[in-house]
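Here, each number is a calculation from the coordinates, and none is a lab measurement. Values in this document were obtained by computation on a predicted structure and should not be read as measured data. Virtual Cβ from ideal backbone geometry, glycine too; neighbours counted across all protein chains shown.
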């Protein structure tokens, strides 16, 4: 019952994001919608890099500690991560301000106002990425220690606040200050998104300080518990967390770069927005089961197998049902965007394969990720996947345009599923469950 309610809240959260994209597509036009989608994806890509895999490190260690009631280790890991991040993020914040000031000075010296615009975007992306990074780390920490409901509700509040800011921005702020100039559209929409993360991020910090996450810490000075173990996983998990960008962001960015018509970017953005409706029901499952899959390694081989099998069946059942619903209503959904988006209807039907692939591969990749060597195995998997996808995108998109984009979008999901199954099978048989240590 708790799982079902959390799943419902997460689906509602994702559905609001769909409504935001729908509103932008209807009111901004194809090209501006494409620019907005690229800007948001780019922000999250930078945010993922700046998180440095720490959200995955938390998801790897803390559920295992929590099951074994090692609260001192949880406290020590959280403190160690904070001490590691503070000087890095402060350096980025100060550095971005200095660089922006230098760009503005250069722009004034050569009377080029465009340099000022670029400096604003630079600061926006760097600061926004840091905020998204801190938000994701706190979100994962809350999920890992049994505060799943709190994390789900706060995540939903972030989307609600973003939705309200989007309405205010589009119907008031954009008109009054920028006179509906399309050049600034993606810029001011990013400001709304980042502000929503700031507000809810402050709430995360306040709740953390007040509740201490109900951890029983008996030693106040434990700062070095396994500190070297988690640092060894930073590179692997940072690389591994980029795998999500092989699916939509890579073809989207390369279409923007190589495409002959900006119209194609907006059309592809419409396809992935429709398919994202399916992911509204599937991706929350991945969020909810991360602590359980990670903790299953501490319970043993049979428990891990049964847990993974259960969530594959749940995900596959939901994926088939959602695919049928989207298939029936896809035409009507595209007309909600704008009449010219109906051209991509066949691509929407083909892309439903991605939902089936994701539902099966999701628990398998979590099993790979939270194994003892998961950071290394996952990093290698991600590097090969990204390189293959980039090469495929360059070839097919430059040759076939939007059709090439769709080939890469669907093809990478099929390759990912097959490869994830093979690697997960090897992990299951090679993982030392009997002598499992939290490393």
Ordered by fewest other Cβ atoms within 10 Å, a rough proxy for footprinting exposure, 384, 263, 237 read 384, 263, 237
Subtracting the Cα-Cα distance of residue 98 and residue 206 from 0.36 nm times their residue separation yields 35.9 nm
Under a crude label model (7 Å from the Cα following the beta-carbon direction), how far is residue 263 from residue 398 in nanometres? 2.4
Would you work out the relative contact order for region 232-430, in percent, from Cα pairs under 8 angstrom that are 6 or more residues apart? 37
Is the C-alpha gyration tensor of region 232-430 telling us rounded, prolate or oblate? Criteria: a/c under 1.5 is rounded; beyond that, a/b larger than b/c is prolate, otherwise oblate. oblate
Distance between modelled label sites at residue 303 and residue 328, nm, 7 Å Cα→Cβ extension: 4.1
Simple SL model, points at 7 angstrom along Cα→Cβ for residue 313 and residue 231; separation in nm is 4.5
Listed with the fewest Cβ neighbours within 10 Å leading, 64, 210, 426, 376 appear as 210, 426, 376, 64
First measure r as the distance between the Cβ atoms of residue 430 and residue 69, then evaluate 1/(1 + (r/R0)^6) with R0 = 30 Å and state the FRET efficiency to the nearest 0.05. 0.60
Sort 141, 324 so the one with the fewest other Cβ atoms within 10 Å of its own Cβ comes first. 324, 141
